[in-house]
Structures are given as C-alpha cells and as structure tokens.
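Enquirer: First, the structure itself, so that you have it in front of you.
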Amino acid sequence: QVQLVESGGGLVQAGGSLRLSCAASGRTFSNNIMGWFRQAPGKEREFVAALNWSGGYTNYADSVKGRFTISRDIAKNMMYLQMNSLKPEDTAVYYCAAVPTSSVVADSYRYWGQGTQVTVSS
C-alpha cells in the first residue's frame, strides 16, 4: 500500500523559511514524477513543483521559482520542498503527490498525502 506522509508545515512570518518533507513508502518511484501542490481556502489545488525521482528533471510554478527548491533523498525515500522568502500568499495546505500522467495536473496524480498546513503571517 502506497503512503505519502507530509510534515514540516507551520506558522512563519513573511520572509521566513520552512522545509516540508514527504515520506514515501509502499513502492519504488524510479522514473516516476513526484510533486508538490497547494490549496488555499476557496481556491483550487495548484501545482507548486515536481521532480523525476530518478533525477534530471525539475519544474516549478512561476509563482515560486527562485524561492522554492524541490529535492529528494533516494536512500531515505523522502522528498522535500525548501521554501524561502515566504509570502502571505503562500499560505495553503501543501500536498505531496506521486505518479501522474501530467506533472502539473493535479487530477492526473495517482497517490496523495494528507497535507500539511503552511501559514505565512504578514
């Protein structure tokens, strides 16, 4: 059974940093895409970043480019999202997801975590 478990969310002031973690278990993800999405209250879930588990590919939403970094630790089966220079508009529930048919389309992902709340105060 595949499980994705996020952690690392919290409350931070604008300009601060957080690192989200996603612990993956239940299968190998070699040559598969894994990604981060977020959903703010009253808004649709939106793409944040994605990578290929085997390496060589990363993709970022324009809104986070230059501020967020996606990475993974193959040995630990962990994916990370380092978030710097946080803004109030980054406030959302952040989800990790895996195995899509399209890396930026939420509905195409097969597996999802339960989400972790990130709140950025101004």
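The values are calculated or read from the model by the stated rules, or taken from the named source; none is laboratory data. Nothing here was measured: the structure is a model prediction, and the numbers come from that model. Note: ideal-geometry Cβ built from the backbone for every residue, glycine included; neighbour counts use all protein chains shown. Please note that ligands, DNA and RNA were not included when accessible areas were found on the heavy atoms of the full protein model with its side chains. Shrake-Rupley method; radii C 1.70, N 1.55, O 1.52, S 1.80 Å.
Enquirer: Where a Cα-Cα gap under 26 Å defines reach, which lysines qualify for Lys87, not counting those fewer than 8 residues away within the same chain?
Expert: Candidates past the 8-residue exclusion: Lys43, Lys65.
Enquirer: Same structure again: Please give the per residue accessible area of the chain, computed with a probe of 1.4 Å over protein heavy atoms only, in Å².
Expert: Heavy-atom accessible area per residue stands at 50 Å².
Enquirer: Calculate, in nm to one decimal, what Asn59 and Val5 gain on full extension: separation in residues at 0.36 nm each, minus their alpha carbon distance.
Expert: 17.3 nm
Enquirer: Now for a different question. Suppose we take every Cα in the range 13-110 and form the convex hull; what volume per residue is that in Å³?
Expert: Considering the Cα atoms of the range 13-110, their hull volume per residue is 98 Å³.
Enquirer: Could I ask something else about it? Work out the FRET efficiency for Arg19 and Val104 from their Cβ-Cβ distance, taking R0 = 25 Å, and round it to the nearest 0.05.
Expert: The pair Arg19/Val104 has a calculated efficiency of 0.65.
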